[in-house]
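Coordinate-derived values only; no laboratory data. Keep in mind it's a predicted model, so treat the numbers as computed, not measured. Heads up, the Cβs are rebuilt from the backbone with ideal geometry, glycines too, and the neighbour counts pull from every protein chain shown.
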Amino acid sequence: MTPSFALALHGGAGTISRSLMTTEQELQYQQALGEALQVGYAVLRQGGSALDAVEFTVRSLEDCPLFNAGRGAVFTHEGHHEMDAAIMDGRNRAAGAVAGVRIVQNPIRAARLVMEHTDHVLLAYPGADELARQHGLPTQPTEYFFTQQRYDQLQEALREGRMRLDHSQAQPEELAAPAPVTTDAPLAEPAAFIDEDPKKKMGTVGAVALDQHGHVAAATSTGGMTNKRYSRIGDSPIIGSGTFADNRTCAISCTGHGEYFLRAVVAHDISCLMEYRGLSLAEACRIVVHDKLAPIGGEGGLVAVDAAGNVALPFNSEGMYRASITATDAQPYIGIYKD
């Protein structure tokens, strides 16, 4: 009998419209999602751990400038980058997270470092960067994280005096910012990058996995909001809100407007519905994403996997960059729009 394993990932959710996406753009996203999926799938197929699978998958997405995490992180109000990440092991609920890191090439590696080499769960800048440096994690100068498209998004957001969810148009619920200020962001040569849909998209990446040993894990990473101020932190690095894993129930990685996901404790709520009410993964996800989040304005989605290898990819926005594969799938699933 073929051992059961599964992997699912996301690269952000929001207003992602076919009418505003060129064929070239769509193919580039599909390729990036597919490459990240294959990275994690290779780990699982060879009998590796769910923890390694989600870390390596997220690292692949962090290294791709298409997504708002790692190299593709958006700019803050002050013109730099503040990145968050979290990882959780479903075997024992061990977890690690970082917030506001600025120089770590792969924030998800720093999150795992916190989990495995400290007595803590969440470390923030500047201590998180210092820990990563002390343990020899790859770091990068500011220029590495610069992309012209993200810089242009900041300039537009500064002119509007608003924060933006990734490269969104200003929304009524978004916070008004004070008068625009000039930024000292470096004017380096931009990395190769395609123009994206200017509509609203919540920029976060994440992955969940079940390995052949029956263990689940989750990982999430984000660059936050364009033009964010005051060291704002969303749900991604908060265990139970944007990231959660427990072998008894499921593993969850979320993407959306973090303030709503924080208030709803989304990831843990899904696990609780499964543990205390005996709901299936699909039903628990549906209730939280559509019946609880949507009515209060919480737009976005998540990827989930349970201990039986079931996968759920729910979202209440127009689209979500997503992909999944299981031990029995002939072909991986890759999606962008509502099917």
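Below 8 Å, C-alpha to C-alpha, sequence gap of six or more: please give me the relative contact order for the range 225-339 in percent. Numbers along the way, then the final one.
On the way: 196 pairs, mean separation 23.1, N = 115.
Over the range 225-339, the number comes to 20 percent.
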The range 257-307: C-alpha gyration tensor shape, a/c 1.5 cut-off, then a/b vs b/c: prolate
The range 10-94, relative contact order [Cα under 8 Å, separation at least 6], %: 19
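At 4 °C and 1.567 mPa s, what whole-number value in µm²/s does Stokes-Einstein give for the translational diffusion of the chain, with Rh from the Kirkwood sum over Cα pairs?
67
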Relative contact order of the chain, defined on C-alpha pairs under 8 angstrom at six or more residues apart (%): 26
Inter-site label distance for Arg93 and Ala327 at 7 Å from Cα along Cβ, in nm: 2.7
